[in-house]
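A.B. asks: First the structure, which I've put down as structure tokens, then a few questions once you've had a look.
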Amino acid sequence: MALQAALLPSTLSSVPKKCSIAVAAKDTAFLSVSQKKVQAASLSVRTRVATTAPVATPGSSTAAKDGKKTVRQGVVVITGASSGLGLAAAKALAETGKWHVVMACRDFLKAAKAAKGAGMADGSYTIMHLDLASLDSVRQFVDSFRRAGMPLDSLVCNAAIYRPTARTPTFTADGYEMSVGVNHLGHFLLARLLLDDMQKSDYPSRRLIILGSITGNTNTLAGNIPPKAGLGDLRGLAAGLRGQNGSAMIDGSESFDGAKAYKDSKICNMLTMQELHRRYHEETGITFASLYPGCIATTGLFREHIPLFRLLFPPFQKFVTKGFVSEAESGKRLAHVVSDPSLTKSGVYWSWNKDSASFENQLSQEASDPEKAKKLWEISEKLVGLA
Ligand code: NDP
Ligand code: PMR
């Protein structure tokens with residue numbers, strides 16, 4: 001069966017030593033891709049999962065020399081691991097040797113280069129194609145992941161786009177406004193589908209993490225810089241966020257504001273985490289959490305901002321707000337949320353103080369409103385085809 005999603009273990013040329021995944025020899029379409037942006041639609045790559053000898057696959061149990069069973073290597077999927085926070089967290093987790101990282105990326109050549117450039121060891125990661133701007137791609141990713149035969153122990157919904165200067169909306173393959181489509185709806189579908197896989201995992205602490213942000217929380221100074229986040233009564237989302245025949249903004253505003261759309265999507269991320277917690281934590285034991293990793297002012301998130309902003313933003317955050325955090329430090333923070341034994345609490349929004357110590361932070365009233373979370377859940381289910 002032709003799959004649009006592609007799977008690429010560790011590097012373009014090598015299969016991880018411990019991995020039993022093979023890409024069919026004739027299926028080399030992805031090797032000749034030269035465009036920087038690989039469109040899901042242009043990919044027709046066959047993937048095959050072949051179990052060879054009984055080798056230790058990522059996520060399989062290993063017996064210690066003294067005969068005691070040790071905790072096996074965990075498998076974590078990180079979306080948007082080709083740059084910034086996602087890449088730094090992927091590196092931090094892979095370096096522990098305790099995690100095999102599945103880098104779920106829309107541009108796998110970029111991801112392969114990024115992993116190599118970051119010095120991630122062959123065999124410590126697998127790259128799989130995922131374009132969150134297409135619900136088909138999300139479903140195909142899930143299919144490919146399942147075929148790869150790995151367990152799923154943790155999922156990090158990290159990818160995002162930010163279109164700060166956009167005054168007209170762009171749309172996903174399914175016709176939804178792009179910022180909310182990628183940052184929220186794509187992840188909503190991914191998380192819902194992969195919950196089944198996480199429930200099957202025997203890993204001691206399974207976690208589903210969704211990135212939030214200070215700018216989506218109006219109980220902070222940063223969250224009060226205009227345009228402020230606000231979902232209103234969700235009428236724009238309920239009408240399909242389509243722009244042409246209605247509003248491309250969640251609150252139904254007539255005019256489009258790219259900066260607000262991003263901040264709104266972050267409220268959705270934080271509300272979704274809490275709704276997942278309410279619906280599934282007790283039943284499954286899975287930890288659901290969100291976080292504000294600090295202001296990582298140097299990442300690609302600001303690529304569409306005006307050049308003056310990109311020049312001044314890092315020193316402003318370093319010396320004025322003192323909220324700046326390096327990509328490496330933010331990666332460690334996220335890695336802790338995935339794996340630190342002290343961060344197992346569910347339904348929590350983590351932040352870090354000036355000494356880089358984690359604490360459970362307060363969400364704004366809107367970002368913690370259970371009624372809104374329920375309504376968001378129900379509308380999102382319809383938009384992604386789950387209801
Ligand atoms: P980056 O732009 O560096 O990383 C974003 C990642 O998302 C990239 O890998 C990008 O892929 C990927 N991505 C974008 N669109 C899609 C798509 N359609 N499908 C799949 N992947 C996609 O930004 P950051 O590292 O800063 O952001 C990571 C997370 O951290 C985001 O959720 C953001 O909201 C959050 N955050 C960031 C803060 C900051 O100060 N930077 C502060 C608070 C939260 P590609 O490489 O191909 O472009
Ligand atoms: Mg903000 C304590 C002060 C603080 C912090 C922690 C941030 C984080 N910002 C703060 C303050 C201010 N910012 C102030 C006083 C201003 C006015 C000069 C300001 C402006 C500003 C802009 C224009 N800040 C921004 C922008 C963006 O375009 C970024 C954004 O909103 O992206 C959505 C941003 C950010 N400030 C932050 C953080 C973390 C961001 C980035 C992103 C995010 O939420 O992902």
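A.B. asks: Based on the Cβ-Cβ distance of E378 and L311, what FRET efficiency does E = 1/(1 + (r/R0)^6) give at R0 = 45 Å, to the nearest 0.05?
C.D. replies: It comes out at approximately 0.55.
A.B. asks: List K382, K318, K354 from most exposed to least, where exposure is judged by having the fewest other Cβ atoms within 10 Å.
C.D. replies: K354, K382, K318
A.B. asks: Moving to a separate point now. Taking θ = phi - 60°, what integer Hz values does the Karplus form 6.51 cos²θ - 1.76 cosθ + 1.60 yield along the stretch 262-273, in sequence order, with x for Gly and Pro?
C.D. replies: Karplus values, whole Hz, x for Gly and Pro: 5, 4, 4, 5, 6, 4, 4, 4, 6, 5, 4, 4.
A.B. asks: Relative contact order (percent) for the stretch 74-384, with alpha-carbon contacts under 8 angstrom and 6 or more residues of separation? Please list the in-between numbers first.
C.D. replies: Values: 636 pairs, mean separation 61.4, N = 311.
Worked out over the stretch 74-384, it gives 20 percent.
A.B. asks: Identify, among F302, Y292, Y280, the residue whose Cα sits farthest towards the positive end of the charge dipole of the stretch 266-313, taking +1 on the Cβ of Lys and Arg and -1 on the Cβ of Asp and Glu, with the dipole about the Cα centre.
C.D. replies: It is F302, whose Cα lies furthest towards the positive end.
A.B. asks: Ok, one more. Between A387 and V320, what length comes free when the chain is fully extended (0.36 nm per residue of separation minus the Cα-Cα distance, one decimal in nm)? The partial results should precede the final answer.
C.D. replies: Details: separation 67, 0.36 × 67 = 24.12 nm, distance 4.70 nm.
Extending this stretch completely gives an extra 19.4 nm.
A.B. asks: So, one more: Using label points projected 7 Å from each Cα along Cα→Cβ, tell me how many nm separate R303 and N245, to one decimal.
C.D. replies: Roughly 3.2 nm, to one decimal.
A.B. asks: Using 0.36 nm times the number of residues separating T344 and R235, minus their current alpha carbon distance, what extension gain do you get? The partial results should precede the final answer.
C.D. replies: On the way: separation 109, 0.36 × 109 = 39.24 nm, distance 3.52 nm.
Working it through step by step, the gained length comes to 35.7 nm.
A.B. asks: Find, to one decimal place in angstroms, the Kirkwood hydrodynamic radius of the stretch 232-307, where the mean of 1/r is taken over every pair of different Cα atoms and then inverted. Let's see the in-between values first.
C.D. replies: On the way: mean 1/r = 0.0678 Å⁻¹.
Final number for the Kirkwood radius of the stretch 232-307 is 14.8 Å.
A.B. asks: Using Cβ contacts closer than 10 Å as the measure, can you line up S290, S342, S253, S356 from fewest to most?
C.D. replies: On the way: S290 30, S342 7, S253 17, S356 11.
Ranking S290, S342, S253, S356 by Cβ neighbours within 10 Å, fewest first, gives S342, S356, S253, S290.
A.B. asks: In nm, to one decimal, how far is the K116 label point from the K98 one, both placed 7 Å along Cα→Cβ?
C.D. replies: 3.1
A.B. asks: Summarise the long-distance tail of P(r) for the stretch 83-202 by giving the % of C-alpha pairs beyond 23 Å.
C.D. replies: Details: 2325 of 7140 pairs.
Pairs farther apart than 23 Å: 33 percent.
A.B. asks: Hey, got the dipole for the stretch 77-222? About the Cα centre, +1 on K and R Cβ, -1 on D and E Cβ, debye to the nearest 20?
C.D. replies: Working: 15 positive and 12 negative charges, 48 e Å.
It comes to approximately 220 debye.
A.B. asks: Normalised radius of gyration for the stretch 74-384, please: alpha carbon Rg relative to 2.2 N^0.38 Å, two decimal places.
C.D. replies: Values: Rg = 18.0 Å, N = 311, 2.2 N^0.38 = 19.5 Å.
My calculation over the Cα atoms of the stretch 74-384 gives 0.92.
A.B. asks: Within a 10 angstrom radius of the beta carbon, how do K322, K332 rank from fewest other beta carbons to most? List each step's numbers first, then the result.
C.D. replies: Working: K322 9, K332 20.
Placing the least packed residue first, the sequence is K322, K332.
A.B. asks: Which one, S342, A118, F141, is farthest towards the positive end of the dipole of the stretch 74-384 when Lys and Arg carry +1 and Asp and Glu -1 on their Cβ?
C.D. replies: A118
Values in this text are rule-based calculations from the coordinates and carry no lab data. All of these numbers come straight from a predicted model, not from anything done at the bench. FYI the Cβ positions are ideal-geometry reconstructions off the backbone, even for glycines, and counts take in every protein chain you see.
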